[in-house]
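**Q** One structure, pasted below without further comment.
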Amino acid sequence: MSHSVESELREPLVLGEKTLHQITEDACAPLERKPNTLWWAAFFVALTCLGVGFAATAYQIATGIGTWGLNKTVGWAFDITNFVFWVGIGHAGTLISAVLFLFRQKWRTSINRSAEAMTIFAVICAAIFPLIHMGRPWLAFWTAPYPNFRGPLWVNFRSPLLWDVFAISTYFTISAVFWYIGLVPDLAAARDRAKSKIRKTIYSILSLGWNGSARVWSRYETAYMLFAGLATPLVVSVHTIVSMDFATSVIPGWHTTIFPPYFVIGAIFSGFAMVMTLLIIMRKVVNFEEYITLNHLENMAKVILVTGSIVGLAYGTEFFVAWYSGSPYEGFTFINRATGPFAWAYWIMVSCNVITPQLMWFKKLRRNVVVLFILSIFVNIGMWFERFVIVVTSLHRDYLPSSWAYYTPTLIEALTFLGTFGLFFTCFLLFCRALPMLAQGEIKGVMKTGKRKHHDSGHGHVEPRKAARVEQEKEVAHV
Amino acid sequence: MNSPNIPYFKLKPGMQRLLAATAGVGLVCFVVGLFLDAHRAWGNWLLGAYYFTTLALFGTFFIAIGYLTSAGWSVSMRRVPEAMMSWLPAALVTMLVLGAGMGYLYEWVHPHDDGSHHAHLLHHKSPWLNQWFFLGRIILYFGIWIGVSQLLTRHSRRQDTDGDVTHTRSNTRTSAIFGVLFALTLSAASFDWLMSLEAAWFSTIFGIYQFAGLFQSGIAALIVLLVLLRRMGYLRDAVNENHLHNLGQWLIALSVFWAYIWFSQLLLIWYSNIPEETSYYLIRSQGDWWVLTFIVNPLLNFAIPFVVLLPRPAKRSEYILVRVAVMVLVGHWLDIWLGIMPYVSPEGPWFDFMEVGVMLGFAGAFGLVFFKALERAPLVPLRDPYLQESLHHKL
């Protein structure tokens, strides 16, 4: 799979001339040392948010969803916004691990593990909202289609909301299995280094008897490839179906044919932004700067720029067609978005998703960690508002002006949303302590990338560039 | 650089005459068609002009993404997409010729003001859909595409002589700017040329749908042209089964992508069942159009390529790959034909000398321009910094 010959323009993926042993040391270090104060502080904050969210959830389940700020015009708002937001965040991980794998993008190796972890936690956060919205979450199993004793009561196969159940549970399962398969060799490394008995036992069970033989590696790689192939369509299908929650309706602003690819691109955009936000913190705190290098961040910035611009194209297309269609209702919806009572939300969305990411055209800014951090947070905010704008502005002024209304979230809704952040970060912080954050095996496989020129210049006899050219011309003569 | 070692392509005079003759026959078919059924003749002209515009534009797009992603594998075949995009100036002419037949194709050219809602819609759209702006936009789109293509070709060829890496950097920058312009122009062009055939109808996904078709058929055309060159004895080592494997992966991935977009539009319009939108599928559900639209089209563009290309050996076999690629090219023709004809000649589907002739004519002319352009530079970009990676590409 690796190139036998490499252009001298390739940059190294791992800095600092690491040995194989050093990589193992570095990858396992965060598991083996005691957590520092910073970690405890972060964990405490996250846990507090989670607790608050839990209390808010318990309260609204006990009281009913009348605790939300919905009214008879805006019947769907914060819950679905947050759901779509979190599902979107959950797209980068599998994209990085599956799609970039199939595209043979070697730079994915340093970031795939933690991105996949985020995917799984984000999907869990997302699933909470439909559960609460059911009102009686203990009946959630009713969404499963099976012959039952509730009379002829079957799920509605024609509803995209049911497709959501299938799409997201499939996505979650495959992502989790894919993540776990990737973890096995690294868990075995942690097992082999474990000093205490309990530690050894746990990692032994988790690593499934991995013995590092060539046969095991070969099977592992086959399985990984197959899972990448299976996971790739799922990256697309989940947000496609989420988009159909809206697009199958007849509501102007919701029903438009571009929604499936537009939502998928938006999800990748928001997912990459969240991965970038967290990795910028993580590489600093855990000293992974030689693994998650500026090149990695720059590549991610490029993905964010491209996807953000495609999202911009979709906004533009929608706006243009709203006029082009000649439908007064379509036209009104979009003018209302940009100039109506929720114009503030619309312009936050446009600024954060389309305008500020354009700064990433400049290489200097793409390699400036502070700028990237701020921009990635902007994208996170912007993408939340995108969903809010789509959901709420399409509803709040319907065909009957007497029922036009405004929507304000209640404290309970806000705290529930805060709680999902608590859950997300609690899980992520635990992950950083318990599981290897770097895919060592894969990183060891790409160490040689971009290193050849150093060895060549070490000999000092022939200028490497010239030597390569001579070699190249010889080669061409045979073509 | 005219050393005997450097491989140059040479078009055989017999082949050249054959291509020119095909182009001539196509023109005759078109002219005869004009007298028999002008609507359908112009429909076929639009189809041929658009089809080969997308293939040429694919050349630019493929090269641009190669630069943008620093792709190594595709460098040794780059002269082929470079030659594909040399069709663009000719494509501009073929699109401008359409100006003479617009009235037969686009109802918004001569709107009847009968006070109906439909007439009102056409009036509403007239700032965008009017003859002069339409032709002006054609010049604008092609101006951008031709300009970028020439810039890319110039630097690529100069690198052959001086081996300077700055050409790669400069082309990377050009490609980034092209990315933005390409997205905007292709969306608008597909709205103009195809979507506005049914002036009242609209679909926001339409630009992406046409992009999917462009990318998929472009890869198929690239495969066919590469295999053709290999059979003529060129590029034997520079493009081997590893490169074909990559292209095969692209073809299967894009077949899925095309199907995804095609189905998304169909599902959403069917599900919501709004009269303004369903008109598109209603006329395609009449008579024999139905089978072609809903069975044959997805079969050729998605189901068969997907199943056949799934096993690894199929993607590495020149024999299988080129057959699938030809089928996809036919499928893409069908896809656009189904975009144009049910509206232009609804009593159809007709398929006779006009369909075959006009398409062959365009293919002949495209082939002539393509091979002539291929003669003008060495068959591989000799000093591209990624050439070695490409020559040693292994999967």
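**Q** Can you tell me what the convex hull of the Cα atoms of the range A:315-464 projects to on average, as an area in nm²?
**A** Numbers: hull surface 64.6 nm².
Approximately 16.2 nm², given one-decimal rounding.
**Q** In vacuo Debye scattering of the range A:110-262, one point per C-alpha: log10 I(q)/I(0) at q = 0.19, 0.21 Å⁻¹?
**A** Per q value, in the given order, log10 I(q)/I(0) is -1.20, -1.32.
**Q** Could I get the Rg over Rh figure for the range B:95-194? Both from C-alpha atoms, Rh via Kirkwood, rounded to two places.
**A** Numbers: Rg = 19.4 Å, Rh = 16.2 Å.
My calculation of the ratio gives 1.20.
**Q** Also: Against the 2.2 N^0.38 Å scaling, with N counting residues, where does the range A:309-386 land? I'd like the Cα-based Rg ratio to two decimal places.
**A** The reported ratio for this selection is 1.28.
**Q** After finding the eigenvalues of the alpha carbon gyration tensor for the range B:14-82, what semi-axes result from the square roots of 5 times each, listed largest first in whole Å? Mind dumping the intermediate values first?
**A** Numbers: eigenvalues 241, 56, 4 Å².
They are 35, 17, 5 Å, listed from largest to smallest.
**Q** Please give, to one decimal in nm, the separation of the simple spin-label points placed at residue B:10 and residue B:241, each 7 Å out from Cα toward the Cβ.
**A** In this crude spin-label approximation the distance works out to 3.2 nm.
**Q** Also, quick follow-up: Which of the peptides A:152-164, B:212-224, A:173-185, A:292-304 is most tightly packed, and how do the rest follow, going by the mean number of other Cβ atoms within 10 Å of each residue? Each step should come with its number before you reach the end.
**A** Values: A:152-164: 13.3, B:212-224: 24.8, A:173-185: 18.7, A:292-304: 21.2.
The peptides rank, most packed first, as B:212-224, A:292-304, A:173-185, A:152-164.
**Q** Let me ask another. Given the peptides B:151-159, A:386-394, arrange them by the average over their residues of other C-beta atoms within 10 Å, most packed first. Kindly include the intermediate steps, with their values, before the conclusion.
**A** On the way: B:151-159: 19.4, A:386-394: 24.0.
Packing order, densest peptide first, comes out as A:386-394, B:151-159.
**Q** On C-alpha positions alone, give me the angle between the axis of helix B:318-344 and the longest principal axis of chain B, in degrees, nearest 10.
**A** That helix lies at roughly 20 degrees to the long axis.
**Q** Something else: Would you please give the FRET efficiency between residue A:72 and residue A:166, computed as 1/(1 + (r/R0)^6) with r the Cβ-Cβ distance and R0 = 25 Å, to the nearest 0.05? Write out the running numbers ahead of the final one.
**A** Numbers: r = 31 Å, r/R0 = 1.23.
The formula returns an efficiency of 0.20 here.
**Q** Count, for each residue of B:172-183, the Cβ atoms from other chains sitting within 10 Å of its Cβ, then give me the mean as a whole number. Each step should come with its number before you reach the end.
**A** Working: counts 0, 0, 0, 0, 4, 1, 0, 4, 6, 0, 0, 7.
That works out to 2 on average.
**Q** Continuing with this model, one more query. Compute the Rg to Rh ratio over the range B:1-126 from the alpha carbon atoms, using the Kirkwood formula for Rh, and round to two decimal places.
**A** Values: Rg = 21.0 Å, Rh = 18.3 Å.
Ratio of gyration radius to Kirkwood radius for the range B:1-126: 1.14.
**Q** Lys and Arg at +1, Asp and Glu at -1: add these up for the other residues within a Cβ distance under 14 Å of residue A:434 and post the number. Write down the numbers at each step before the final one.
**A** Details: positive: A:33, A:34, A:113, A:191, A:199, A:433; negative: A:32, A:186.
Once all neighbours under 14 Å are counted, the net charge is +4.
**Q** Within the P(r) computed for the range B:52-106, what percentage of the Cα pairs occupies the region above 15 Å?
**A** For the range B:52-106, the fraction of Cα-Cα distances above 15 Å is 54 percent.
**Q** Under the Karplus relation 6.51 cos²θ - 1.76 cosθ + 1.60, θ = phi - 60°, what is the ordered set of whole-Hz ³J(HN,Hα) values for the range B:249-257, x standing for Gly and Pro?
**A** 5, 4, 5, 5, 5, 6, 4, 5, 4
**Q** Output the 0 to 90 degree angle, nearest 10, between the alpha-carbon long axis of helix B:88-105 and the longest principal axis computed from the alpha carbons of chain B.
**A** For B:88-105 against chain B, the angle is about 10 degrees.
**Q** If you project the alpha carbons of the range B:264-395 onto their three principal axes, what span does each projection cover, largest first, in Å?
**A** That gives 57, 34, 27 Å along the principal axes, largest extent first.
**Q** I would also like to ask the following. Evaluate E = 1/(1 + (r/R0)^6) for residue B:228 and residue B:181, where r is the Cβ-Cβ distance and R0 equals 35 Å; express this FRET efficiency to the nearest 0.05.
**A** Working: r = 31 Å, r/R0 = 0.88.
Between residue B:228 and residue B:181 the formula returns 0.70.
**Q** Follow-up question, since we're still on this one. Mind giving me the FRET efficiency for residue A:180 and residue A:148? R0 is 51 Å, r the Cβ-Cβ distance, nearest 0.05 is fine.
**A** On the way: r = 32 Å, r/R0 = 0.62.
In this case the efficiency is close to 0.95.
**Q** Membrane-span-like helices in chain A: DSSP H runs reaching 20 Å or more (Cα, own axis), mean Kyte hydropathy at least 0.0? Can you show the working numbers first?
**A** Numbers: long enough: A:37-63 (39 Å, 1.39); A:112-133 (32 Å, 1.24); A:160-193 (48 Å, 0.83); A:214-247 (49 Å, 0.77); A:259-285 (39 Å, 1.61); A:294-324 (44 Å, 0.84); A:369-388 (29 Å, 1.87); A:411-434 (34 Å, 1.74); A:464-478 (22 Å, -1.45).
For chain A, where a helix must reach 20 Å along its axis and average at least 0.0, the hits are A:37-63, A:112-133, A:160-193, A:214-247, A:259-285, A:294-324, A:369-388, A:411-434.
**Q** While we're here: Just how many % of Cα pairs in the range A:6-65 lie over 20 Å apart, if you round to the nearest whole percent?
**A** Values: 1104 of 1770 pairs.
For the range A:6-65, the fraction of Cα-Cα distances above 20 Å is 62 percent.
**Q** So between residue B:323 and residue B:375, what do we pick up on full extension, going 0.36 nm a residue minus the alpha carbon distance? Each step should come with its number before you reach the end.
**A** Details: separation 52, 0.36 × 52 = 18.72 nm, distance 2.61 nm.
Full extension from residue B:323 to residue B:375 adds 16.1 nm.
**Q** Kirkwood hydrodynamic radius, computed over distinct alpha-carbon pairs, for the range B:193-272: how many Å, to one decimal? Kindly include the intermediate steps, with their values, before the conclusion.
**A** Details: mean 1/r = 0.0681 Å⁻¹.
With all distinct Cα pairs of the range B:193-272 included, I get 14.7 Å.
**Q** Going by C-beta contacts inside 10 Å, put B:51, B:260 in order with the fewest on the left.
**A** Values: B:51 25, B:260 19.
The fewest-first ordering by Cβ neighbours comes to B:260, B:51.
**Q** Something else now. Per the Debye formula with a single identical scatterer at each Cα and no solvent contribution, what log10 I(q)/I(0) holds for chain B at q = 0.07, 0.08 Å⁻¹?
**A** These q points yield log10 I(q)/I(0) values of -0.32, -0.42.
**Q** Return the distance in nm (one decimal) between the two label points of a simple spin-label model at residue A:158 and residue A:216, each offset 7 Å from Cα along Cα→Cβ.
**A** 5.4
**Q** Then there's this: As an exercise, find the ratio Rg/Rh for the range A:1-153 from alpha-carbon atoms, using the Kirkwood inverse-distance average for Rh. Numbers along the way, then the final one.
**A** Numbers: Rg = 22.7 Å, Rh = 20.3 Å.
Rg/Rh: 1.12.
**Q** Pulled fully out, how much extra length does the chain show between residue B:114 and residue B:100, if you take 0.36 nm times their separation in residues and subtract their Cα-Cα distance?
**A** On the way: separation 14, 0.36 × 14 = 5.04 nm, distance 2.55 nm.
Residue separation times 0.36 nm, minus the Cα-Cα distance, leaves 2.5 nm.
**Q** If I model a spin label at residue A:198 and residue A:9 as a point 7 Å from the Cα along the Cα→Cβ vector, what separation in nanometres do I get?
**A** So the label points at residue A:198 and residue A:9 sit 5.4 nm apart.
**Q** I'm checking a number: the convex hull volume of the Cα atoms of chain A, normalised per residue, in Å³. What is it?
**A** Details: hull volume 97.9 nm³, N = 479.
Hull volume over Cα atoms, normalised by residue count, gives 204 Å³.
**Q** Against the 2.2 N^0.38 Å scaling, with N counting residues, where does the protein assembly as shown land? I'd like the Cα-based Rg ratio to two decimal places. Intermediate values should be presented prior to the final figure.
**A** Working: Rg = 28.6 Å, N = 874, 2.2 N^0.38 = 28.9 Å.
Computed over Cα atoms of the protein assembly as shown, the ratio equals 0.99.
**Q** Now for a separate question. For the range B:150-203 and the range B:287-337, what is the separation of their C-alpha centers, rounded to whole Å?
**A** Here the two parts' Cα centres lie 27 Å apart.
Each value in this text was obtained by applying a stated rule to the coordinates, not by laboratory testing. Bear in mind the structure is a predicted one, so any value in this text is a computation, not a measurement. Ideal geometry is used to build each Cβ from the backbone, glycine not excepted, and the neighbour counts take in all protein chains shown.
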